[in-house]
């Protein structure tokens, strides 16, 4: 089996999502690689991808990748669970020399490593759950694993409204998760299978048993990408002391992208810094 291509440090890393949820992934990436340049593209004109057919998601993803390649990226992070499930094959076939990292495989690997019982719960959007990508990835790593999956689409709306903790968020979390974690044979690991969900961690933690491990696909994707980075000495013009630059791209409504995206990225974004592009 051919080893995955190493990722250069002297070219920006492209990151795309259907909207702003992928900013949780970008946040983890920029914290792990503070000197690295990134180009983020949110396809806000066509979100959500979760309601689209796999063929449509693949087509949109190829268009996003092409737009990022025009910006000189040296690697691509698919920071969208739906696109990771539906488009990685098409992206790899179209761009065989481009290192590509999705969010599903790293999350599945982390879940299998974290779970002592190998009884794992996955929460995601309806499209991701019905597609079965996490279930397949987990069972490929451990055929004996038990995977309990639950669609939690309301979490997306809560995240985008900024209702990430407190009574409302916790009430919704209890409605979704109480049936998952009731009984003695409940899962011991919870995979956040949507890039919107990490900012709801406080509400989730408040309603699930304290021993349950939470696997954040944003953090695990950052770790997966770091493992493929070339050593610093292979890219001498990237200085670890210099902060990296982030280029912001969206396909619609820079003001909303900045307002909502700031909640996911963890700091205020400026609408003036967001370039609107046509795919």
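The values are calculated or read from the model by the stated rules, or taken from the named source; none is laboratory data. Predicted model only: the values in this text are computed from it and were never measured. Virtual Cβ from ideal backbone geometry, glycine too; neighbours counted across all protein chains shown.
Scanning segment 53-98 for residues being at pLDDT below 95, under 18 Å from the mean Cα position of the chain (by Cα) and part of a loop (DSSP other than H, G, I, E, B) gives a total of 1. When residue 184 is tested against the conditions (1) surrounded by fewer than 16 Cβ atoms within 10 Å (Cβ to Cβ); (2) under 21 Å from residue 114 (Cβ atoms); (3) modelled with pLDDT of 95 or more, the lone failure is (3).
Name the residues in segment 151-162 that are in contact with a helix residue (DSSP H, G or I) (Cβ under 6 Å, 6 or more places away or on another chain) and surrounded by 16 or more Cβ atoms within 10 Å (Cβ to Cβ), would you? The answer is 151, 152, 153, 155, 158, 159, 160. With respect to residue 103, is the statement that it is closer than 21 Å to residue 29 by Cβ and either outside the structural domain of residue 201 (by TED's automatic domain parsing) or out of contact with any strand residue (DSSP E or B) (no Cβ under 6 Å at 6 or more places or on another chain) (or both) true? Spelling it out, residue 103 is indeed closer than 21 Å to residue 29 by Cβ and either outside the structural domain of residue 201 (by TED's automatic domain parsing) or out of contact with any strand residue (DSSP E or B) (no Cβ under 6 Å at 6 or more places or on another chain) (or both). Filter segment 18-42 down to residues that are part of a loop (DSSP other than H, G, I, E, B) and touching a strand residue (DSSP E or B) at 6+ places or on another chain (Cβ under 7 Å), then give me how many there are. Final tally of qualifying residues: 4. Pairing residues of segment 263-279 that are without any contact (Cβ under 8 Å) to a residue 40 or more places away in the chain with residues that are surrounded by fewer than 14 Cβ atoms within 10 Å (Cβ to Cβ), at Cβ distances under 6 Å and at least 6 apart in sequence or on separate chains, gives 271/255. Take the conditions (1) modelled with pLDDT under 95; (2) crowded, with 18+ Cβ neighbours inside 10 Å; (3) touching a helix residue (DSSP H, G or I) at 6+ places or on another chain (Cβ under 9 Å); residue 229 misses just one of them, which is (3).
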